[in-house]
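Chemist: Attaching a single structure in structure tokens format; questions to follow.
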Amino acid sequence: MAKSTFLTYAVALEAIQLLESAIRDMHGDGLTKRCDLHIVVLDPLSGEIICQYSIGKKADWEHTYDQIARDKATLAFKHKKDTSQIMNAEPHLLSEGDTVHAGGVYYKGITIGVSGVESEFDEAIGRMIAALIIGMVIHEYKKTRTNQDLNNIT
């Protein structure tokens, strides 16, 4: 199975780490009920996990946020849509064993699963990471092209 040339472990990890303070601030500002969560980024071509990252002490987690995040990412990749859309408008797409939790994001081909805080914030965090990854990947892609090639990029 083909894998993305530009979305690598290093890119995904950097995007998550750049946003980690904002994620922690969400809890510090009282938006989220905890600051324990797990993030999973999938390869956009193969659907394989390319990066996983935990925030908070896993020993203190109330649930298996790592497995739930993987399940959310798998479901979002499978249907090429956010898991909240599946839960709220298209539950007929669910099959035996699928997660029933929102918080998996599919944004412009990038799939992220986040679990640990409220589902609306799991999804918001996933979208922030996906948006930053897209910017980083486009930036890197542009550096590999000649000036003539760049004129064709919009």
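Chemist: Does any residue in the range 138-152 that is closer than 10 Å to Phe6 by Cβ come within less than 9 Å, Cβ to Cβ, of a residue that is at pLDDT below 65 six or more places away or on a different chain, and which pairs are these?
Modeler: Ile138/Ile153; Tyr141/Ile153
Chemist: Oh, and also: Output the residues belonging to the range 100-122 that are surrounded by fewer than 24 Cβ atoms within 10 Å (Cβ to Cβ) and of a type in the set (D, E, K, R).
Modeler: Answer for the range 100-122, where residues must be surrounded by fewer than 24 Cβ atoms within 10 Å (Cβ to Cβ) and of a type in the set (D, E, K, R): Lys108, Glu118, Glu120.
Chemist: Lys33: out of contact with any strand residue (DSSP E or B) (no Cβ under 8 Å at 6 or more places or on another chain), of a type in the set (Lys, Arg) and closer than 26 Å to Ala89 by Cβ, yes or no? Steps first, please.
Modeler: On the way: out of contact with any strand residue (DSSP E or B) (no Cβ under 8 Å at 6 or more places or on another chain): yes; of a type in the set (Lys, Arg): yes; closer than 26 Å to Ala89 by Cβ: yes.
The answer is yes for Lys33.
So that you can scan it fast, the table gives a plain yes or no per residue for (1) of a type in the set (Ser, Thr, Tyr); (2) under 21 Å from Lys3 (Cβ atoms):
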residue: Lys80; (1), (2): no, yes
residue: Ser84; (1), (2): yes, no
residue: Leu93; (1), (2): no, no
residue: Ile112; (1), (2): no, yes
residue: Asp122; (1), (2): no, no
residue: Ala131; (1), (2): no, no
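Chemist: Using the structure shown, decide if Ser84 is under 19 Å from Ala131 (Cα atoms) and either free of Cβ contacts under 8 Å to residues at least 60 places away in the same chain or touching a Lys or Arg at 6+ places or on another chain (Cβ under 7 Å) (or both).
Modeler: yes
Chemist: Buried (at least 18 other Cβ atoms within 10 Å of the Cβ) and not in a helix (DSSP H, G or I), is that true of Gly97?
Modeler: On the way: buried (at least 18 other Cβ atoms within 10 Å of the Cβ): no; not in a helix (DSSP H, G or I): yes.
When the stated conditions are applied, Gly97 does not pass them.
The values are calculated or read from the model by the stated rules, or taken from the named source; none is laboratory data. Worth saying up front: this structure is predicted, and the values here are computed from it rather than measured. Using ideal geometry, Cβ is built from the backbone for each residue, glycine included, and neighbour counts are taken over all protein chains shown.
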